[in-house]
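Comments concern the structure below.
The values are calculated or read from the model by the stated rules, or taken from the named source; none is laboratory data. Keep in mind the model is a prediction, meaning the values are calculated, not measured. Using ideal geometry, Cβ is built from the backbone for each residue, glycine included, and neighbour counts are taken over all protein chains shown. Just so you know, the surface numbers come from the protein's heavy atoms only, side chains and all, with ligands and any DNA or RNA stripped out. Shrake-Rupley method; radii C 1.70, N 1.55, O 1.52, S 1.80 Å.
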Number of protein chains: 2
Amino acid sequence: MSESSIPYKIYLSEDELPKAWYNLRSDMKNKPAPLLNPGTLQPMTAAELEGVFCDQLVKQELDNDTPFFEIPTEIRDFYKMYRPAPLVRAYCLEKELDTPAKIYYKFEGNNTSGSHKLNSAIAQAYYAKQQGLKGVTTETGAGQWGTALSMACGYLGLDCKVYMVKCSYEQKPFRREVMRVYGASVTPSPSETTEVGRKILKEFPGTTGSLGCAISEAVEAATSTPGYRYVLGSVLNQVLLHQSVIGLEAKTALDKYGIKPDIVIGCAGGGSNLGGLIAPFMGEKLRGEADYRIVAVEPASCPSFTRGEYRYDFCDTGMVCPLAKMYTLGSSFIPSADHAGGLRFHGMSSTLSQLYADGYMEAISVKQTDVFAAAEQFARVEGILPAPESSHAILAAMNEAKRCKETGEEKTILFGLTGTGYFDMVAYEKFHDGVMVDNVPSDEDIAKSLARLPKV
Amino acid sequence: MSESSIPYKIYLSEDELPKAWYNLRSDMKNKPAPLLNPGTLQPMTAAELEGVFCDQLVKQELDNDTPFFEIPTEIRDFYKMYRPAPLVRAYCLEKELDTPAKIYYKFEGNNTSGSHKLNSAIAQAYYAKQQGLKGVTTETGAGQWGTALSMACGYLGLDCKVYMVKCSYEQKPFRREVMRVYGASVTPSPSETTEVGRKILKEFPGTTGSLGCAISEAVEAATSTPGYRYVLGSVLNQVLLHQSVIGLEAKTALDKYGIKPDIVIGCAGGGSNLGGLIAPFMGEKLRGEADYRIVAVEPASCPSFTRGEYRYDFCDTGMVCPLAKMYTLGSSFIPSADHAGGLRFHGMSSTLSQLYADGYMEAISVKQTDVFAAAEQFARVEGILPAPESSHAILAAMNEAKRCKETGEEKTILFGLTGTGYFDMVAYEKFHDGVMVDNVPSDEDIAKSLARLPKV
């Protein structure tokens, strides 16, 4: 296939939309460690998890062996409103960087939630509806997950209660209105509406919140309201399963043109995008069929892979959730309020953590001022105004492409462009005005937070 | 072609991107009336227009005969970053309305400017660059045109000065930041930076501005700065020419599936989207090859087609621009500040005005509270959060579809979904909070404004 025949955007047809999600765990020799009951420290049973999550989702969460889960027709129909998502050849960025590298990105921002989060939101809302529930609760950081879930619930006619991390609630006032358009209720977290919220507010008055706090509140709201379950936009195995649609589409599009990436790069907060994007590539790597460099990019202000410990920890600040084995900064770690947008979670998907521990992937951390500089350069040549989260991957991809210029290597780079930054203009404004700072936690900060962890 | 084989989204391939723009005027028996020099009241010559506009654009502006203008390769390459734009079958909306009608919309919102405006912005910026200019000036209302031009100029390395209607500048604070990302400077209009701005501020202190004011300022800034020209995002013949790419793509996609719309609906402010969307359909109608109902939808607060007069008027409030023959509310008309977003222009494209005068199209006006109700219903079922401007067309399409339900007719409706509403959340918030009002001008308001017009 000649170079010039590769279009700017590779769109698959609706027939080529994946018919099943791929369960990466099925190909892992070392399975991710199970969630533990915080009381008994025994693996959580399906029955225990079903108090919090929908039954079907619990099945998906616990199944480490089934390689594929069929995507229900109703979910595929919803996907068709915004998928297949384009795989873009970054011709303009390559020219700008004057690099021999070939850069591709999978763009997940062409939907109103502004990110890939919708892929799992519709799946989780669908199973809640199937189970006859009245509604779901959740947390949201940057607001993309909350918007995505609101859209899915609005579409299916489910009630949706969102706890939004307070600093994002304040930095992104219009996100709340988008969620209202879709019929959701939005509460800034920590709030006075839950026991755990009141406790956190008492302990840390004036806190700007964290995903960990908001999760605790949303879980409490779900488990204390009949007919409700809690849903989560990242970290969990089930979320990575749903997000595999990103990687499956990307791989199908690349295969069509005979392209094999050398490097696959994704930003990493809880791991939903990264786990989804890399799934089929990592699968080949695990099965010994192909090799890829796989790179996680995390913010220097919340560096769980690169500076955290691999151990059991709570997924939430309130310590009401099960324990997960993961790279973590400690569940009491709250990233600096200066850090823009998402990727604020103290831990990392158990699946990705195990793969990282086993040496199947790399991780780097980057500073947000560098991230915004890359975002702006990208926006001017590629047209798309990227989300701060996605821009972590952009920066890493640009750095790889620059290295190719130095070495003359014609590497093929694939990265995930998870979403758009239309609701992040406060952060862009700070960057333009030169008042954005890089607040990196000290070793003492991290050690202190880790010291509070339970011994398991 | 069976019904079920029509996908949710019809994407053309990059090869199917139109290679030429279609000049609707070439098929008009009654050509649009020429622009007049406000001093001599004689038709503006190319030499006169070249003081304000780029040379190539003047050629396109004055050419009523050439049917097609080739799209330069550089512009087609830029188009490929976000085009071809999808034609969407609104299956979910049809189900929601329980209508036998088949609804299609051409979605122009999948780019960072958030609308179709980018189609002409890149063309105008390209010709400015070709002419060796240093930069361009323009006005923007809702901010979409300014963003689009900023993107085009950022891409080509041209300087870009934007005068933004003050009420939009205040309602959409983040639009300014998006323009800054792309390197533009943004001034709220009316401003103290121009003579005409100072004059308007003196005459109407506390005015929230209008497109007409902002145009005057931008024209003055261009003509008083060497190496600059003025560019305009709507109204002009050249803009309709560039925007024909919308209709050409839509028609190609429909033809591929053997679909012939009965009704084509577009929102109308200055006419850029409407003129572009309807171009090839109107062409067939003018040539007697096919018939379509063509419907312009304008806001009740700025109803130039439905309540204006067809006569010569200035395009700007400052009366520094040429006179255009058009349906107009009078160049001193300033729509209520309560009216959300764009479609705030007092006049209408001369080309569309002539077609309307000759009975080739219909026009209706709608109230914004109805528009937002339709927007929200649409968002919940189709996923896309629409711009207020686009939602005028959504409302009209939904009303047509509801009529089909009553009569049982299986009409095919095509409408233009010009963009997304991510920067319009202040207006959505007002709607949710029940504080949005419908300010419709009185007959006296319009008569007073028209009475100020020059007699030509």
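Observations, loosely collected:
- ³J(HN,Hα) computed for each position of segment B:64-75 - Karplus, 6.51 cos²θ - 1.76 cosθ + 1.60, integer Hz, glycine/proline x: 9, 10, 5, x, 10, 10, 4, 8, x, 3, 4, 6
- Panel note: the C-alpha atoms of segment A:240-387, placed on their principal axes, show extents of 48, 40, 24 Å (largest first).
- Only Cα sites of chain A enter the Debye sum here, all with the same form factor; the resulting log10 I(q)/I(0) across q = 0.12 1/Å is -0.96, listed in q order.
- For A:G132, the distances from its label point to the matching points in the remaining copies are 7.9 nm, ordered from shortest, with each point set 7 Å beyond Cα toward Cβ.
- A Stokes-Einstein calculation at 10 °C with viscosity 1.306 mPa s, built on the Kirkwood radius of segment A:91-193 over Cα pairs, returns a diffusion coefficient of 107 µm²/s.
- Calculated on the alpha-carbon coordinates, the convex hull of segment A:38-77 measures out at 82 cubic angstrom per residue.
- Put simply, the amide H of B:S365, placed in the peptide plane, has neighbours under 5 Å in B:E298, leaving out anything fewer than 5 places away on its chain.
- Taking every alpha-carbon pair within segment A:290-371, the share separated by more than 21 Å comes to 29 percent.
- Sulfur and carbon atoms: percent of accessible area, the protein assembly as shown [1.4 Å]: 49
- Scanning residues 5 or more positions from B:D159 or on other chains, those with amide H under 5 Å from its amide H are B:G135, B:V136, with H placed 1.01 Å from N in the peptide plane.
- The amide H of A:T140, built 1.01 Å from its N in the peptide plane, has A:Y163, A:M164, A:V165 as neighbours under 5 Å, considering only residues 5 or more places off or on other chains.
- Surface analysis of segment B:324-438 yields an accessible area of 28 Å² per residue, using protein heavy atoms and a 1.4 Å probe.
- Cα-Cα P(r), segment A:162-264, percent of pairs per 10 Å interval: 14, 31, 28, 15, 10, 2
- Dimensionless Rg ratio for segment A:1-126, taking C-alpha atoms and the 2.2 N^0.38 Å reference: 1.41
- Burial annotation for segment A:173-194: residues with an accessible-area loss of at least 30 Å² between the isolated chain and the complete set of protein chains, computed on heavy atoms with a 1.4 Å probe, are A:F174, A:E177, A:R180, A:V181, A:Y182.
- Mean projected area (nm²) of the alpha-carbon convex hull when segment B:325-456 is viewed from all directions: 10.0
- Using the rule -39500 (n - 2.57) for each DSSP H run of four or more residues, divided by the residues of chain A, the 222 nm mean residue ellipticity is -12500 deg cm²/dmol.
- Among the trypsin sites (Lys or Arg not before Pro) in segment B:270-301, those placed in a DSSP loop whose Cβ has at most 10 other Cβ atoms within 10 Å are B:R287.
- Per-residue average of Cβ from other chains inside 10 Å of A:424-431: 4
- Charge tally in the Cβ shell below 11 Å around A:L241, where Lys, Arg are +1 and Asp, Glu are -1, A:L241 excluded: 0
- Probe 1.4 Å - accessible area at A:D433, Å² to nearest ten: 80
- Over 28 Å (Cα to Cα) - which of A:K256/A:K367; A:K59/A:K448; A:K106/A:K405; A:K9/A:K411; B:K9/B:K285; B:K117/B:K251 fall in this group: A:K256/A:K367; A:K59/A:K448
- For segment A:17-67, diffusion coefficient by Stokes-Einstein and Kirkwood Rh (Cα), 4 °C, 1.567 mPa s, µm²/s: 106
- Debye, to nearest 20: dipole size of segment A:34-99, +1 on Lys, Arg Cβ, -1 on Asp, Glu Cβ: 280
- Partner chain coverage, peptide B:305-314 - average Cβ within 10 angstrom: 0
- When restricted to Cα atoms, segment B:349-400 yields an Rg and a Dmax of 13.3, 39 Å, respectively.
- For q = 0.09 Å⁻¹, Debye-computed log10 I/I(0) when each Cα of the protein assembly as shown counts as one equal scatterer: -0.89
- Whole-number percent relative contact order across chain A, with pairs defined as alpha carbons under 8 Å at least 6 apart: 19
- Per-residue packing, averaged as other Cβ atoms within 10 Å, sorts the ranges A:407-416, A:373-382 into the order A:373-382, A:407-416, beginning with the highest.
- Distance distribution P(r), segment B:59-115, all Cα-Cα pairs, bin width 10 angstrom from 0: 18, 29, 30, 17, 6 percent.
- Placing a label point 7 Å from Cα along the Cα-to-Cβ axis, B:G157 is separated from the same position in the other copies by 5.8 nm, shortest listed first.
- For segment B:255-312: span of alpha carbons on each principal axis (Å, largest first): 38, 20, 17
- For the protein assembly as shown, the dipole from Cβ point charges (+1 on Lys and Arg, -1 on Asp and Glu) about the Cα centre works out to 120 debye, to the nearest 20.
- Accessible area per residue for segment B:117-254 is 27 Å², calculated with a 1.4 Å probe on protein heavy atoms, without ligands, DNA or RNA.
- Label spacing, shortest first and in nm, from A:R403 to its equivalents in the remaining copies (7 angstrom along Cα→Cβ): 6.3
- Charge dipole (chain B, unit charges on Cβ, about Cα centre) - positive-most of B:G270, B:G135, B:L97: B:G135
- Heavy-atom accessible area ranking, 1.4 Å probe, most first, across A:K251, A:K172: A:K251, A:K172
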